[in-house]
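The values are calculated or read from the model by the stated rules, or taken from the named source; none is laboratory data. Predicted model, so just to flag it, every value in this text is computed and none were measured. Here the Cβ positions follow ideal geometry from the backbone for every residue, glycine too, while neighbour counts run over all protein chains shown.
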Amino acid sequence: MDKVIEIQNIVKNYQVGSVIVRALRSVSINIERNEYVAIMGPSGSGKSTLMNLLGCLDTPSSGSYILNGTDVSKMEDDYLAEIRNKEIGFVFQTFNLLPRYSALENVTLPLIYAGVPKVDREKVAVETLTQVGLEDRMTHKPNELSGGQRQRVAIARALVNKPSIILADEPTGNLDSKTSIDIMNLLDTIHKNGNTVIVVTHEEDIAKHAARIIRLFDGEIAQDYRNEAYVKA
């Protein structure tokens, strides 16, 4: 099996005043390449902490994390930033677009950080925006786009470096129900095109799009199971 994520006995503790908060308690997860996984759990379950670790935004107190063959569990911030830009495409609930930049400029940013030559950047960004159905909105700024269009720009930005993983944190949290369906259908297509997709959500109907559901409770994995209703086209 081709594992893109191997997490073994991950512990994450935080010091809050004189109290130690045990956010994750010996969590172990393997995720295969091209899996579609939903991570669920109530507030305080540890799902946001796990997402930050999976996304190389934080490092564990103990345990190991092998991402696409590289041990990232003890990396310094500069190296983690390089790994993030290369391996992980983030999709956030709040879109996180730069307001003064056009859709095309927002999608080009990760390519700049990756050192892609200018002559190639725009071509790749245009192709990626076309892939998410925004070929006619490339010059528009975020305030000229609907919520669904802004999330499509964010998804294009996540895809543009061809990362190992698309990590979506509550990707429909700021969208109405119809637009949410459109965005999840787009993530379904991205998965069918070969990407590993991990969705962090508290919504059951969003989690149902995934082939595998991991439920956290009190910093531990309470359930990890295949979604019997999932059908891969």
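For this structure, a couple of remarks:
- Within region 196-223, the only residue that satisfies the criterion of being among the acidic types (Asp, Glu) and under 20 Å from Gly55 (Cα atoms) is Glu220.
- Filtered residue count, region 187-233, keeping only those that are touching a residue at least 12 places away in the same chain (Cβ under 8 Å), surrounded by fewer than 20 Cβ atoms within 10 Å (Cβ to Cβ) and among the hydroxyl-bearing types (Ser, Thr, Tyr): 2
- Given (1) under 15 Å from Phe217 (Cα atoms); (2) among the basic types (Lys, Arg); (3) surrounded by fewer than 19 Cβ atoms within 10 Å (Cβ to Cβ), number of the condition Lys12 does not satisfy: (3)
- Residues in region 174-233 that are aliphatic (A, V, I, L, M), in contact with a helix residue (DSSP H, G or I) (Cβ under 6 Å, 6 or more places away or on another chain) and part of a helix (DSSP H, G or I): Ile183 alone.
Rundown of residues vs (1) modelled with pLDDT of 95 or more; (2) within 25 Å of Glu228 (Cβ to Cβ), yes/no style:
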site: Ile7; (1), (2): yes, yes
site: Val11; (1), (2): yes, no
site: Ser18; (1), (2): no, no
site: Ile29; (1), (2): yes, yes
site: Gly46; (1), (2): no, no
site: Leu53; (1), (2): no, no
site: Cys56; (1), (2): no, no
site: Pro60; (1), (2): no, no
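- Considered as a group, the residues in region 100-125 that are without any contact (Cβ under 8 Å) to a residue 24 or more places away in the chain, surrounded by fewer than 16 Cβ atoms within 10 Å (Cβ to Cβ) and among the basic types (Lys, Arg) include one that is farthest from Ser146 (Cα to Cα), and that residue is Lys118.
- Where strands (runs of 3 or more DSSP E) fall entirely within region 1-100, those with at least 2 residues that are in contact with a helix residue (DSSP H, G or I) (Cβ under 6 Å, 6 or more places away or on another chain) are at 19-32, 36-40, 88-92.
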